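Notes for the one structure printed next.
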Amino acid sequence: MSHISPVIWQFLEKWLTTFAIFPPQASAIAPYTDALYFFLILITLAGGVIVTLLVVGFSILYRKDKNPVATQIEGSTLLEATWTIIPLALFMVCFVWGALLYFRIYNPPTNAMNIYVVGKQWMWKVEHPGGQHEINALHVPIGKPVQLTMISQDVFHSFSIPAFRVKREVIPGRYSTVWFEATKVGTYHLFCTQYCGTSHSAMIGDIVVMTQADYKAWLATSVSGASLAQNGERLFASLSCNACHSGDAAARGPNLANLYGSRIQLANGSLTTADDAFLRESILNPSMHAVAGYAPIMPTYQGQISEEGLIGVVEYIKNLNSNYRVQQTLNTTELAPTQQTGVEPGATSGTRSGTAAPSVPGMVK
Ligand code: HEC
Ligand SMILES: [Cu+2]
């Protein structure tokens, strides 16, 4: 091994032991992804071995001194059917297996907790609903499905946790999601796997998996300032969204309470579900997502609100189950404080689909 420099050799050794060639299996999906991966390697190896054996075997069996005159073979239906049907069956197994896994990976369970991720040159910013912020780190509890709602503030990035077998593009202008359930306490690598400029290689971080008790303690000690929804509420008021979305019958904009998750009839006749992406798009491109029955008077807020601000407003609307606070914000500017006590909590008009959730003042966190 004299031609390999000791430095490279040391580096290789360190690399092999540190990364153990294969990342640890630390999520619920990891064993399933690996099973498919090893199956693919196995059939590829088997195919390679069969082809090699046939090439070598035929070269020896039918070499020139044994077989000086070539025999012309005019096709064989049986042979052709065999080498068509067997690979087809194998590929169909890979396809169906892969598709089932794909649906599992990209459809988060409904009970997943949501955490927001903003990618930018060159860092990962993580926003927990409770207002905990992290940079190049993500703390998650063990044994709980976690969904990430991700967006880029500039170029394409890709959020990858090899130990969880999870990777998803993080795109400017559109939310993408990924989910996982961590199964092993520990610290794992986070990578950006989409070349995104000079410091792309520095766009890395730690995924810290904690026991549920440790996670609760971490959440409690890491609060810095307001929750996302509180930030959103502040923006909602300062951008005067409540001027049109007051929830009154006479309001110029639709009622936003209990909007999240409901089916929306758009002005162009199509139906859509009010998810995170719809809320974000409705704020930036109101005319493209105009709701049926309303004049398209909502201005665009493109350029007036950052991705992090949008996350706050989206989180606020998601948690808005009555217009009590919206009206209170309005009343604060119109009424003397003594008159406010007359506002009856939950007295909203035009609540969506009759689900007038009994509201508690201050319930919108
Ligand atoms: C000038 C009045 C006006 C203002 C200000 C306004 N909106 Fe709207 N908004 C509307 C109208 C009208 C619609 C329905 C037509 C449409 O979708 O364009 C609407 C639709 C929406 C929808 C979709 C609602 C649904 O039922 O599907 C959301 C979400 C929304 N607005 C959020 C906001 C936010 C957040 C702000 C502040 C940043 C805001 N709006 C400011 C008038 C307004
Ligand atoms: Cu990147």
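No value in this document is a laboratory result; all are computed from the given coordinates. The shown structure was predicted, so the numbers you read here are calculated from the model rather than taken from an experiment. Cβ sites come from the backbone with ideal geometry, for glycine too, and all protein chains shown count toward neighbours.
Given their separation in residues at 0.36 nm each and the Cα-Cα distance between them, residue 70 and residue 266 gain 63.4 nm when the chain is fully extended. Once the chain from residue 187 to residue 82 is taken as fully extended at 0.36 nm per residue, the excess over their C-alpha distance is 32.9 nm. What's log10 of I(q)/I(0) for segment 163-286 at q = 0.13 Å⁻¹, Debye sum over Cα points only, no solvent? Log-scaled intensity ratios, in q order: -0.88. For segment 113-222, treating each Cα as an identical point scatterer without solvent, what Debye log10 I(q)/I(0) comes out at q = 0.11, 0.24 1/Å? So the normalised log intensities work out to -0.30, -1.43.
Kirkwood hydrodynamic radius computed over segment 6-106 comes to 18.3 Å, based on all pairs of distinct alpha carbons. If you take the Cα centroid of segment 27-66 and the Cα centroid of segment 159-204, the two points sit 32 Å apart. Taken over segment 137-182, the ratio of Cα radius of gyration to 2.2 N^0.38 Å equals 1.18. Lysine pair count for segment 113-222 (Cα-Cα distance under 22 Å; residues 8 or more apart in sequence or on different chains): 9. Given a Förster distance of 41 angstrom, what is the FRET efficiency for residue 54 paired with residue 199, based on the Cβ-Cβ distance and rounded to 0.05? Working from the Cβ atoms, E equals 0.25. Treating segment 217-297 as a set of equal point scatterers at the Cα positions, no solvent, please give the Debye-formula log₁₀ I(q)/I(0) at q = 0.16 Å⁻¹. Treating every Cα as an identical point scatterer, log10 I(q)/I(0) equals -0.69.
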